[in-house]
Amino acid sequence: MGKIDNPLDQIEQQHKNQAPAVSLADTLNVASVLVSLVSPHAAVASALAKITAFGMDYATKRRKEASLTAFQTGLRDAVGDLATNVDEIQKRAAGPDAEDAVMAAIQAADHTARLDKARRFGEIVGNTLKQDSPRWQEASEFIRNLEQLTDADIEALKILWKVQMTAYRSVTKPPAQPVYEMSTNANDFTSTWKEVLSDKAVISRDDWDARCGRLSGFGLTSAVQPNPVQQSPDMNCFRLTGRAVRLLGLLGRNVNPGAYPTWRYHATKEAVIVKDEDEDRALGEGWADSPAKFYET
């Protein structure tokens, strides 16, 4: 096959000539790219060769490879066992919405010097793939939002979730599959706002209010009417939105509202209660969710 007959070479040639960008739909099959990335048997160099065509003008090759490898790692870890189901990946990654989301994620990973951020973009794509009915349009929005969100923004979302997870409730009745939504009842949030303020680490209330207000611009928080019995007249109160919970879930957060707080057990140490995933991970090795596991033969 001649050089110009290869789709990747066509992209490279047009890039060199500074011609208008070619649509991914005209050059690559998105599903085939994803299959290459998530396959445990594919060589990293082979997978990277398929995605480096999305841009070569932003940093050195070494930095680009590190960013794209971080993206691939986040994608693979999120996809998990689905990586071996090529047909299902192709089915779920079909259509222009999937193409737009995958393109946006790879380009965002390519443009950032932050490897942890590149990994997050991979997690968004991977966890969207795991959905029975992938919400690719929302995934695209989240990817573009993440380009602007800071570590402090993500941490604020985690703090709000830690306190407000009990307001994330099922709106269906058994035996139907549970469908969760965030409560819009202000009392669910004003009653726990003091806990939020006590968890916000070293940050002034003014900066915290500004942080929550900033997140509302992304549709991730919403202001609620303060309760004069529980809040002073000058106090603001915010709640997480369902959209924020979905974002946290795509970033690998356990958004099962019944998961925490919970007990953890150890063979030689006293049992403890962990309030969230961060406390759970901080325990380290040797902990289990049941004491029975230490008596199994």
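Model label points for Ser198 and His266, set 7 angstrom from Cα along the Cα-to-Cβ axis, are 2.4 nm apart.
Distance between the 7 Å Cα→Cβ label points at Asn187 and Ala288: 4.3 nm. Its residue count N fixes a reference of 2.2 N^0.38 Å for segment 153-250, and the Cα radius of gyration divided by that reference is 1.09. In this structure, the pairs whose alpha-carbon distance is over 20 Å, taken from Lys158/Lys194; Lys64/Lys117; Lys158/Lys269; Lys91/Lys130; Lys269/Lys293, are Lys158/Lys269. Taking GluC sites (Glu not before Pro) across segment 193-278, the ones in a DSSP loop with at most 13 further Cβ atoms lying within 10 angstrom of their Cβ are Glu270. Restricting the calculation to Cα atoms, every distinct pair contributes to the Kirkwood radius of segment 193-297, found to be 16.6 Å.
A crude spin-label estimate for the pair Lys173 and Asp97, with each label 7 Å from Cα along the Cβ direction, gives 3.1 nm. Going from the residue with the fewest nearby Cβ atoms within 10 Å to the one with the most, Arg246, Arg120 rank Arg246, Arg120.
Simple point charges give the picture: +1 on the Cβ of Lys and Arg, -1 on the Cβ of Asp and Glu, and for segment 92-144 a dipole about the Cα centre of about 240 debye.
If you wrap a convex hull around the C-alpha atoms of segment 223-262 and split its volume per residue, what is the figure in Å³? Walk me through the numbers before you get to the answer.
On the way: hull volume 4.2 nm³, N = 40.
Once divided by residue count, the hull of segment 223-262 is 104 Å³.
Where a number appears in this text, it was derived from the coordinates with a stated rule and is not lab data. Predicted model, so just to flag it, every value in this text is computed and none were measured. Using ideal geometry, Cβ is built from the backbone for each residue, glycine included, and neighbour counts are taken over all protein chains shown.
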